[in-house]
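As structure tokens, the structure follows; a few thoughts come after it.
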Amino acid sequence: SDLCALIIENFKRHIFIFEILPLRRESEMVDEKELLGAIEKAREGQKRKFTQTVELVINLKDVDVKQEENKIEELVKLPNGRGKKAKVCALVGPELFEPAKAVCDLVILADNFQKVSEREIKTLAKKYDFFIAQANIMPLVAKVFGRALSPRSKMPSPKLGLIVPPKANIKPLVEDLKQSVKLICKKAPVIQTLVGIETMKNEDLAKNILAILDKVKSKLPNKEHNIKNILVKLTMGKPVSVKP
């Protein structure tokens, strides 16, 4: 009985050790320690008078992203947020005007679309990160805003859930968007996105990066084998390679 008790006690200890060790999962493409080191090295450049964004660059290989099935357009909600919330603009009819005003940074009513000049629309396209639209006015949205939003990949997309019914509860959608980034890869085999700002902790930035890498890998035909290299940089800094 003493021997059995000893075996059980040792088993419990091994379970405890197994649970607390930061084991690397087979699915991970990069070691978290290496990633943290790359983030720290990216900070070593010249200090700026503004808060820089931390950016991730993923170069792909052996995949033709011009083929429809290989194109990537995905939203990723960052587990530790963007550091600075994304700005959301709503293009809606009267049904969603009041709900949108409560949660969005800007709301433009369909009746006022024609009052917005092309120059103002281009400014909006640069200023706002995401655009959501009411489904039954999408033809008008496309006509008025399409020329400015489409080249920037900011047209409201049904695939991403950014086109909503007139009676939709948009609050959860907008709250998620404010902490999300959009991954785009349609022409060149590269994905570039912000993962936070330089005032965030390295550990929080690393978790954001890992969430993005998981999403990208899930969309590639040969998973991590389609990833050529991974780089981390600050807005004005030099890219730092992340070793796998």
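Only one of these conditions is not met by residue 240: (1) within 19 Å of residue 30 (Cβ to Cβ); (2) under 12 Å from the mean Cα position of the chain (by Cα). Which number is it?
Every listed condition holds for residue 240 apart from (2).
Six or more apart or on different chains, Cβ under 8 Å: which pairs go from a residue in the stretch 187-198 that's more than 16 Å from residue 59 (Cβ to Cβ) to one that's part of a strand (DSSP E or B) and at pLDDT below 95? Could you list them?
No pair meets every condition.
For the stretch 145-179, how many residues meet the condition of being part of a loop (DSSP other than H, G, I, E, B) and under 20 Å from the mean Cα position of the chain (by Cα)?
The qualifying residues number 13.
Any residue at all in the stretch 159-172 that's in contact (Cβ under 8 Å) with a residue 12 or more places away in the chain, of a type in the set (A, V, I, L, M) and more than 30 Å from residue 96 (Cα to Cα)?
no
Within the stretch 199-217, identify whether any single residue is out of contact with any strand residue (DSSP E or B) (no Cβ under 8 Å at 6 or more places or on another chain) and surrounded by 19 or more Cβ atoms within 10 Å (Cβ to Cβ), and answer yes or no.
Within the stretch 199-217, one or more residues are out of contact with any strand residue (DSSP E or B) (no Cβ under 8 Å at 6 or more places or on another chain) and surrounded by 19 or more Cβ atoms within 10 Å (Cβ to Cβ).
I want to confirm something. Restricting to the stretch 97-125 and keeping residues that are in a helix (DSSP H, G or I) and β-branched (Val, Ile, Thr), which single residue is surrounded by the fewest Cβ atoms within 10 Å (Cβ to Cβ)?
123
If residue 41 satisfies every condition in (1) part of a helix (DSSP H, G or I); (2) buried (at least 17 other Cβ atoms within 10 Å of the Cβ) but one, which is the exception?
Going through the list (1) part of a helix (DSSP H, G or I); (2) buried (at least 17 other Cβ atoms within 10 Å of the Cβ), residue 41 breaks only (2).
Kindly indicate which of 66, 47 is assigned to a loop (DSSP other than H, G, I, E, B), in contact (Cβ under 8 Å) with a residue 24 or more places away in the chain and out of contact with any Leu (no Cβ under 6 Å at 6 or more places or on another chain).
Every option except 66 fails the conditions.
Just give me the residues in the stretch 69-88 being surrounded by 12 or more Cβ atoms within 10 Å (Cβ to Cβ) and either among the aromatic types (Phe, Trp, Tyr) or outside any loop (DSSP other than H, G, I, E, B) (or both), in sequence order.
Passing the criteria: 70, 72, 73, 74, 75, 76, 77, 88.
Take the conditions surrounded by fewer than 17 Cβ atoms within 10 Å (Cβ to Cβ), over 21 Å from residue 52 (Cα atoms) and of a type outside the set (S, T, N, Q) and apply them to residue 175. Does it pass?
yes
Within the stretch 214-233, how many residues turn out to be part of a helix (DSSP H, G or I) and over 17 Å from residue 181 (Cα atoms)?
4
Specify which of the listed residues (148, 133) is without any contact (Cβ under 8 Å) to a residue 60 or more places away in the chain, touching a strand residue (DSSP E or B) at 6+ places or on another chain (Cβ under 7 Å) and hydrophobic (A, V, I, L, M, F, W, C).
Answer to the selection: 133.
Out of all the residues in the stretch 219-240, which are surrounded by fewer than 19 Cβ atoms within 10 Å (Cβ to Cβ), over 13 Å from residue 185 (Cβ atoms) and not aliphatic (A, V, I, L, M)?
Scanning the stretch 219-240 gives 222, 223, 224, 225, 229, 235, 238, 239.
The values are calculated or read from the model by the stated rules, or taken from the named source; none is laboratory data. The structure presented is a predicted model; accordingly, all values stated were derived computationally and were not measured. As a convention, Cβ positions derive from the backbone with ideal geometry for all residues, glycine included, and neighbour counts pool all protein chains shown.
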